[in-house]
């Protein structure tokens, strides 16, 4: 069995959505002075690798603490592309899968509204290595709205550089009460 990390390191300057609060990590207790180390951590819930849930856009949608941990497990398939991934590209996926992850060797990759609509009823989660499942300049967030409206979680800022084409995905978010998104450290597992 091989396990590989799908998260980006969460540190000051970490990849995040433009305009979100910066990541700050301050050591407030040190080994030398206090006998243990303790950090004060501050960041928006969308910093680094994170999972969006329906509460992110819908007031009555499920928050992080209302979704079972099992929802973040499943057979994942990686689709490599660049720019908008739509229904045509998704229809070419032949293997059974529960999670679709969008990867690119250079540049942003996102899901079109048509692609999001195609995945409704077929998957439990969708992820991307980009900071957003929609184009970064999008204001309307159509893929977010379609997926989250259907109860499909979204993982963003994934590290898919070493990911094989198919694997078992384990990626529950941190259990933040009432939150519409939370940090995660997903892993991939292959036999």
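The values are calculated or read from the model by the stated rules, or taken from the named source; none is laboratory data. None of the values given here were measured: they were computed from a predicted structure. Every residue, glycine as well, gets a Cβ built from its backbone with ideal geometry; the counts of neighbours run over all protein chains shown.
Mind listing whichever residues of the stretch 73-88 are in contact with a helix residue (DSSP H, G or I) (Cβ under 7 Å, 6 or more places away or on another chain) and over 21 Å from residue 159 (Cα atoms)? Correct list: 86, 87. Taking the stretch 116-137 as the range and being more than 23 Å from residue 59 (Cβ to Cβ), surrounded by fewer than 16 Cβ atoms within 10 Å (Cβ to Cβ) and modelled with pLDDT of 95 or more as the test, the residues that pass are 121, 122. When the stretch 29-57 is filtered for residues that are surrounded by fewer than 15 Cβ atoms within 10 Å (Cβ to Cβ) and in a loop (DSSP other than H, G, I, E, B), the ones remaining, listed by number, are 30, 35, 36, 37. Of all the residues in the stretch 141-150, those that are crowded, with 21+ Cβ neighbours inside 10 Å and within 15 Å of residue 51 (Cα to Cα) number 4.
A quick yes/no check of all residues on (1) modelled with pLDDT under 95; (2) under 24 Å from the mean Cα position of the chain (by Cα); (3) over 18 Å from residue 130 (Cα atoms):
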| position | (1), (2), (3) |
| --- | --- |
| 6 | no, yes, no |
| 18 | yes, yes, no |
| 37 | no, no, yes |
| 44 | yes, yes, no |
| 47 | yes, yes, no |
| 51 | no, yes, no |
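Of the residues making up the stretch 8-35, those that are farther than 18 Å from residue 127 by Cβ and either touching a residue at least 40 places away in the same chain (Cβ under 8 Å) or in contact with a strand residue (DSSP E or B) (Cβ under 6 Å, 6 or more places away or on another chain) (or both) are 18, 24, 25, 26, 27, 28, 29.
Matching residues to (1) part of a helix (DSSP H, G or I); (2) touching a strand residue (DSSP E or B) at 6+ places or on another chain (Cβ under 7 Å); (3) surrounded by fewer than 23 Cβ atoms within 10 Å (Cβ to Cβ); (4) modelled with pLDDT of 95 or more:
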| position | (1), (2), (3), (4) |
| --- | --- |
| 101 | no, yes, no, yes |
| 114 | yes, no, yes, yes |
| 139 | no, no, yes, no |
| 154 | no, yes, no, yes |
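If we keep just the residues of the stretch 156-191 that are more than 12 Å from the chain's Cα centre (by Cα) and assigned to a strand (DSSP E or B), which is farthest from residue 46 (Cα to Cα)? Ranking the qualifying residues of the stretch 156-191, first place goes to 190.
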